[in-house]
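What follows is a single structure, written as structure tokens, with notes after it.
The values are calculated or read from the model by the stated rules, or taken from the named source; none is laboratory data. Bear in mind that the values here come from a model prediction, so they are computed numbers and not experimental data. Methodologically, a virtual Cβ is constructed for each residue, glycine included, from the backbone with ideal geometry; neighbour enumeration extends over all protein chains shown. Surface accessibility is based on the protein's heavy atoms, side chains included, excluding ligands, DNA and RNA. Shrake-Rupley method; radii C 1.70, N 1.55, O 1.52, S 1.80 Å.
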Amino acid sequence: MAKDNLINEGGAANAPFYLPQGDECAVFEAAAAHDLPLLLKGPTGCGKTRFVTHMAAKLGRHLYTVACHDDLSAADLIGRYLLKGGETVWVDGPLTRAVREGAMCYLDEVVEARKDVTVVLHPLTDDRRILPIDRTGEELEAAPGFMLVASFNPGYQNILKTLKPSTRQRFLSLSFDFPEAAQEIAVVTRETGLDADRAKGLVRLANKLRALKGQDIEEGVSTRLIVYTATLIQGGMSVERAIEAAMIEPLTDDADVKTGLMDLVTAVF
Ligand code: ADP
């Protein structure tokens with residue numbers, strides 16, 4: 001089943017903090033206004049989920065968030081019959097609930113899900129906006145306000161885990177990347193309360209580590225990891241230990257690479 005469902009009560013005042021990187025908020029609003037599905041592309045931990053949570057709250061729509069994984073099937077999204085007190089009852093999955101209620105449904109890392117998930121998305125992402133539920137024989141028309149948002153990380157070099165053009169071309173798309181240094185510093189200070197000087201140092205280090213992507217490390221340091229590091233430092237951990245635990249260890253398991261990266265830390269700080 002879906003790992004977590006997130007429901008917003010709505011209103012800009014309740015919206016979690018999100019610092020825009022460009023005109024993505026306007027594109028999202030236009031997509032929502034015209035009932036168009038939206039695909040967010042970008043590396044892990046660069047703010048995609050936060051963006052969706054922020055926009056759903058701003059627009060006052062309920063949001064169902066599903067973290068996709070390789071075992072997630074169409075039934076997990078649509079629903080299934082369950083035994084309850086000796087009776088078999090139908091239980092809607094998060095996608096069906098969003099379709100019925102006119103809510104937003106965010107499928108995080110959609111390419112991770114099983115193949116049958118894409119089949120379900122097709123009739124929902126064209127102008128029919130319907131969700132056929134084979135098990136109950138229902139054909140649900142999406143209620144006004146329903147919006148499908150999906151994300152994927154094009155960086156993973158896995159040919160089997162990419163979206164087919166026939167699926168991609170059903171979505172408006174927005175590219176995300178790690179914020180510019182000044183913005184990323186602002187995010188880190190705002191999220192953790194760390195002073196701007198140390199936040200600046202962490203962001204500088206992160207950008208040096210990002211430059212090594214493809215050489216010794218597969219993925220660059222995410223904004224999320226910088227936020228973790230800053231959180232540890234704010235909690236009293238030494239800068240070096242926090243960096244090791246939150247920025248270096250998550251990147252590699254190779255002892256030599258780790259030592260090399262820690263040398264870089266000493267050079268930057
Ligand atoms: P993704 O969904 O791309 O994997 P998240 O949305 O979970 O990444 O972002 C990870 C963390 O980074 C967030 O919890 C937040 O602390 C921070 N973050 C990244 N970008 C922004 C931004 N533009 N505004 C506010 N917080 C951000």
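A few notes on this one:
- Accessible area of region 113-269 divided out per residue, in Å², using a probe of 1.4 angstrom: 54
- Check: region 1-135 dipole with +1 on Lys, Arg Cβ and -1 on Asp, Glu Cβ, in debye: 160
- Tilt relative to the chain, helix 116-125 - C-alpha long axis, 0 to 90 degrees, to 10: 70
- Amide H contacts under 5 Å for residue 173, placed H, 5+ residues apart: 39
- Fraction in percent of alpha-carbon pairs per bin - 5 Å, the chain: 1, 6, 12, 15, 16, 14, 12, 10, 7, 5, 2, 1, 0, 0
- Dipole check for region 78-120: with +1 at the C-beta of Lys and Arg, -1 at the C-beta of Asp and Glu, and the Cα centre as origin, the magnitude is about 160 Debye.
- With all pairs of different C-alpha atoms in the average, the Kirkwood value for the hydrodynamic radius of region 66-133 is 12.6 Å.
- Set against the 2.2 N^0.38 Å expectation for a compact globular protein, region 1-145 has a Cα radius of gyration ratio of 1.07.
- Size of electric dipole in the chain: Cβ of Lys, Arg +1 and of Asp, Glu -1, about Cα centre, debye, nearest 20: 300
- Here the chain carries DSSP beta bridges of which approximately 35% are antiparallel, counting only pairs with both residues inside.
- Between residue 69 and residue 128, the contour length at 0.36 nm per residue exceeds the Cα-Cα span by 18.5 nm.
- Divide the volume of the convex hull around the Cα atoms of region 199-269 by the residue count and you get 73 Å³ per residue.
- Relative protection proxy for 88-100, 35-47, 208-220, from highest mean packing down: 35-47, 88-100, 208-220 (other beta-carbon atoms within 10 angstrom).
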